1. For the structure I just gave you, tell me whether Tyr188 is among the hydroxyl-bearing types (Ser, Thr, Tyr) and touching a Ser or Thr at 6+ places or on another chain (Cβ under 6 Å).
2. Taking segment 129-149 on its own, how many of its residues are surrounded by 15 or more Cβ atoms within 10 Å (Cβ to Cβ) and basic (Lys, Arg)?
3. Looking at segment 213-244, which of its residues are within 23 Å of Pro128 (Cβ to Cβ) and of a type in the set (Phe, Trp, Tyr)?
4. Determine, yes or no, whether Glu246 is under 25 Å from Gly96 (Cβ atoms), in a helix (DSSP H, G or I), in contact with a strand residue (DSSP E or B) (Cβ under 9 Å, 6 or more places away or on another chain) and acidic (Asp, Glu).
5. From the set of residues in segment 58-91 that are closer than 17 Å to Thr111 by Cβ and polar (S, T, N, Q), which is surrounded by the fewest Cβ atoms within 10 Å (Cβ to Cβ)?
6. Within segment 219-270, how many residues are within 23 Å of Gly147 (Cα to Cα), out of contact with any Gly (no Cβ under 9 Å at 6 or more places or on another chain) and surrounded by 17 or more Cβ atoms within 10 Å (Cβ to Cβ)?
7. Between Tyr265, Tyr205, which is touching a strand residue (DSSP E or B) at 6+ places or on another chain (Cβ under 9 Å), modelled with pLDDT of 95 or more and of a type outside the set (Asp, Glu)?
8. Do we have any residue at all in segment 109-120 that's closer than 30 Å to Gly227 by Cβ, at pLDDT below 95, assigned to a loop (DSSP other than H, G, I, E, B) and among the basic types (Lys, Arg)?
Amino acid sequence: MSQSKTVPTRRALLRAAAFAAAVTGTGTGTGSRKAVAATFGEIKQRGHLVVATEDDFRPFEFVKDGKPTGYDSDLLDLLRKSSAMDIRQEMIPWTGLLPGVASGKYDAAVTAALISKDRQQFLDFSSPVAEATDYYVKRKGDASITGIKDLSGKKLGCQTGSAMLARLPELEDMLKQTGGKLGEVVQYVSYPEAYQDLAIGRTAYVVNTIINLDSLVKERPNVFELGQPVSSQIYIGWAVKKGNAELLQFLDDFLLAQRKNGQMYALQAKWFGKSFENMPQHFESEI
């Protein structure tokens, strides 16, 4: 049985739940750590950078044949080649990632973290590494859902502490415009759990980014079917502790160089089937 919990659907509670989970690291033990992050000078002195990536968030990062793989892992390989520092990668569940960076346990989160207003309060984000818009996915052949209005009142799945959870008020507004309402929200530690519950009918749909859902539908076309967008446009970036300006500049210089030489776009085409060559160099979210 998947580990999940239900939450109220009111706008304030959705935002509070997502933000609190990200800041405190509920259930991870990182929230109680003193927030002391190494400066870039200290990182260079010790000779290695410690980054955290999620353990199962295809196609950005996952484990295959016992080794880290995915879009972010490929970018990390390029960073290793271009840097004199050792890059030490730890793959952990999503719930510990951003709290781990905020606490100083990890220097950076090299993961598919959507840039959001709430997260910008305690983290600084790199130049975007991908574009993302939230969509819904449903069970293949579910005739009860043909569009946004049909999502009204139906139980949905989303990841705990995710920006997708924090952006559900946008979907709530869409539903209100059709006379509907957001249904019960079930939070999951990881998206594979959410997809499993969707497949067996415990939820009616799951909300995630178009990149992730495209990958899911391609892998399991007889089980899932892609729906429509349920959010405005947003971008994904790597994260460092708020105020760690030199480390952020180091990552930005690398990422922008990979845009200029075309390698970032080649990796996007490899993993996403499309590239995002019109991304801004810097992005701040108002949502």
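The values are calculated or read from the model by the stated rules, or taken from the named source; none is laboratory data. This structure is a prediction, so every number in the text was calculated from the model and none was measured. When we count neighbours, we look across all protein chains shown, and the Cβ atoms used for this are built from the backbone with ideal geometry, even at glycine.
1. Values: among the hydroxyl-bearing types (Ser, Thr, Tyr): yes; touching a Ser or Thr at 6+ places or on another chain (Cβ under 6 Å): yes.
Yes: the conditions hold for Tyr188.
2. 2
3. Tyr235, Trp238
4. Numbers: under 25 Å from Gly96 (Cβ atoms): yes; in a helix (DSSP H, G or I): yes; in contact with a strand residue (DSSP E or B) (Cβ under 9 Å, 6 or more places away or on another chain): no; acidic (Asp, Glu): yes.
It is false that Glu246 is under 25 Å from Gly96 (Cβ atoms), in a helix (DSSP H, G or I), in contact with a strand residue (DSSP E or B) (Cβ under 9 Å, 6 or more places away or on another chain) and acidic (Asp, Glu).
5. Among those that are closer than 17 Å to Thr111 by Cβ and polar (S, T, N, Q), it is Thr69.
6. 4
7. Tyr205
8. Yes; the residues of segment 109-120 include at least one that is closer than 30 Å to Gly227 by Cβ, at pLDDT below 95, assigned to a loop (DSSP other than H, G, I, E, B) and among the basic types (Lys, Arg).
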